[in-house]
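Trainee: Take a look at this one; I'll ask things after.
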Amino acid sequence: MSISQSNIPEKSGKPVLRLQSICLKFGDKRVLNGIDLSVVEGEVVVLIGASGSGKTSLLRCINLLNMPSSGGIVIDDETLFMRQADGKSVAQIPAQEVNRIRSKTGMVFQQFNLFPHMTALENVMEGPVIVKKEPKEQARQKAMQLLDLMGLAQHVDKYPRQLSGGQQQRVAIARAMAMQPKVMLFDEPTSALDPELVGEVMKAMVELAKSGMTMVIVTHELGFAFEVADRVVFLDQGLVAEQGPPAKVLLHPEHPRLKTFVGRFHESADLLRPFLEAREAEKA
């Protein structure tokens, strides 16, 4: 594993998510080559890297949308998946237990995937009522609170077609939050949005991070990564090539491929460097 040992997480505490030697193959193509990664409670980890580096594949492995070829996944001290490199399963986990543990993660995709025949409020209520069997009034109150947190209190009775892309994505975030996950996973949540709508989704995610939610985010928005992340993880060729605080990884990269990857951000950050480093010092 190609991990920069000097770059360790700033936050400490109980790991909510542990990935152990995660490998993933599609046919003869190796996508992930042994990823070790722990995320502690309340930490915001941002995954960056070039297209094809394994970011989205790793995120999808966490809740088994991609089934790893080998490795281990532990969420909130419960083993979700464990398989040896020879393909033998070490932990035979009943399907109902897999589903229960998976529910501890919430995922927000590039596309919003809202139910078009349901209002924003109904979309957010659906999971708690149908899956968790919560009373409708309790689910409604919680959904209203989450939509208010996302800045959508005035839009709860609108259907997806009546909402902008940014508003739909914020409904999708509220819907994932309604299931009370231990960790939220975001797969490039702003990539399908028009540029003028990106900011409102990022603002909602910043507020979510401030609330203490544990988050793993795949994004190409390096300025946003600097703003929200406790730790930035750079993936290259299916490995963790470098990781550490945003100021270290984004402004003072060590890995040659990371230097190239953040080149544009590095150039645009030159004028802002004193401000950015001062902000990072305040976060420490």
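The values are calculated or read from the model by the stated rules, or taken from the named source; none is laboratory data. Everything numeric in this text was worked out from a predicted model, so none of it was measured. As a convention, Cβ positions derive from the backbone with ideal geometry for all residues, glycine included, and neighbour counts pool all protein chains shown. With ligands, DNA and RNA removed, areas are computed over all heavy atoms of the protein, side chains included. Shrake-Rupley method; radii C 1.70, N 1.55, O 1.52, S 1.80 Å.
Trainee: Name the long-range amide H neighbours of Leu152: under 5 Å, sequence gap of 5 or more, or other chain; modelled H, no Pro or chain starts.
Mentor: none
Trainee: Keeping every protein chain in place, order Arg140, Arg257, Arg102, Arg170 by accessible area at 1.4 Å, biggest value first, i.e. largest first.
Mentor: Descending accessible area places them as Arg257, Arg140, Arg102, Arg170.
Trainee: Calculate how many DSSP beta bridges within the chain are antiparallel, expressed in % of all such bridges and rounded to the nearest 5.
Mentor: So the antiparallel bridges in the chain amount to around 60 percent.
Trainee: Over the Cα atoms of segment 107-149, how large are the radius of gyration and the largest Cα-Cα distance (Dmax), in Å?
Mentor: 10.6, 30
Trainee: I need the per residue convex hull volume for segment 9-80, using only the alpha carbons, in cubic angstrom as a whole number. All intermediate terms of the calculation are to be shown ahead of the outcome.
Mentor: Values: hull volume 6.2 nm³, N = 72.
Given the Cα convex hull of segment 9-80, per-residue volume reads 86 Å³.
Trainee: Please report, in Å, the Rg and the Dmax of segment 206-262, where both are computed over Cα atoms only.
Mentor: So, for segment 206-262, Rg and Dmax equal 11.6, 35 Å respectively.
Trainee: For segment 149-257, how big is the tail of P(r) above 17 Å, as a whole percent of Cα pairs?
Mentor: Roughly 58 percent, rounded to a whole number.
Trainee: What are the ³J(HN,Hα) values, in whole Hz, obtained from phi via the Karplus relation 6.51 cos²θ - 1.76 cosθ + 1.60 with θ = phi - 60°, for each residue of segment 246-252 in sequence order, with x given for Gly and Pro?
Mentor: Coupling constants for segment 246-252: x, 4, 6, 6, 8, 9, 9 Hz.
Trainee: Report Rg/Rh for segment 60-126, rounded to two decimals, where Rg is the Cα radius of gyration and Rh the Kirkwood radius.
Mentor: In segment 60-126, Rg relative to Rh is 1.10.
Trainee: To the nearest 20 debye, what charge dipole does the chain have about its Cα centre, counting +1 at the Cβ of each Lys and Arg and -1 at the Cβ of each Asp and Glu?
Mentor: The calculated dipole for the chain is roughly 680 debye.
Trainee: While we're here: By how many nm would the segment from Arg30 to Lys136 lengthen if fully extended, with 0.36 nm per residue of separation less the alpha-carbon distance?
Mentor: Details: separation 106, 0.36 × 106 = 38.16 nm, distance 4.54 nm.
Result: 33.6 nm gained on full extension.
Trainee: Here is a follow-up. Taking 20 °C and 1.002 mPa s as the conditions, I'd like the Stokes-Einstein D for the chain in µm²/s, using the Kirkwood hydrodynamic radius from alpha carbon pairs.
Mentor: On the way: Rh = 19.6 Å.
Rounded, D is 109 µm²/s.
Trainee: Also, I was wondering about something else. Using helices alone, I'd like the mean residue ellipticity at 222 nm for the chain: each DSSP H run of four-plus residues gives -39500 (n - 2.57), total over residue count, nearest 500.
Mentor: Mean residue ellipticity, 222 nm, calculated: -10500 deg cm²/dmol.
Trainee: Under 5 Å between amide hydrogens, which residues at least 5 positions from Ala50 or on another chain qualify, with H placed 1.01 Å from N in the peptide plane?
Mentor: So Ala50 has HN proximity to no qualifying residue.
Trainee: May I ask you to evaluate 6.51 cos²θ - 1.76 cosθ + 1.60, the Karplus curve with θ = phi - 60°, for each residue of segment 114-122 and list the ³J(HN,Hα) values in order in whole Hz, giving x for glycine and proline?
Mentor: Values per residue, Gly and Pro as x: 7, 6, x, 8, 10, 5, 4, 4, 5 Hz.
Trainee: Shifting gears a bit: Find which of Leu197, Ile217, Tyr159 sits farthest along the positive direction of the dipole of segment 158-219, computed with +1 on the beta-carbon of Lys and Arg, -1 on that of Asp and Glu, about the Cα centre.
Mentor: The listed residue farthest towards the positive side: Tyr159.
Trainee: Continuing with this model, one more query. Under 22 Å between alpha carbons, and skipping anything fewer than 8 positions from Lys104 in its own chain: which lysines qualify?
Mentor: Lys11, Lys14, Lys55, Lys132, Lys133, Lys136, Lys142, Lys182, Lys210
Trainee: Taking all protein chains as present, what is the carbon and sulfur share of the accessible area of segment 48-121, in % to the nearest whole number, probe 1.4 Å?
Mentor: The computed percentage sits at 51.
Trainee: Per residue, what accessible area does the chain have, given a 1.4 Å probe and all protein chains present, in Å²?
Mentor: 47 Å²
Trainee: How would you classify segment 15-143 from its alpha-carbon gyration tensor, with a ≥ b ≥ c the square roots of the eigenvalues: rounded for a/c under 1.5, else prolate if a/b is greater than b/c, otherwise oblate?
Mentor: The shape class here is prolate.
Trainee: If you bin the C-alpha pair distances of segment 90-225 every 10 Å from 0, what whole percents do you get?
Mentor: With 10 Å bins starting at 0, P(r) equals 12, 43, 33, 10, 2.
Trainee: Pop out the ³J(HN,Hα) list for segment 13-23 in order, Karplus 6.51 cos²θ - 1.76 cosθ + 1.60 with θ = phi - 60°, rounded to Hz; leave Gly and Pro as x.
Mentor: x, 6, x, 8, 9, 10, 10, 10, 6, 6, 10
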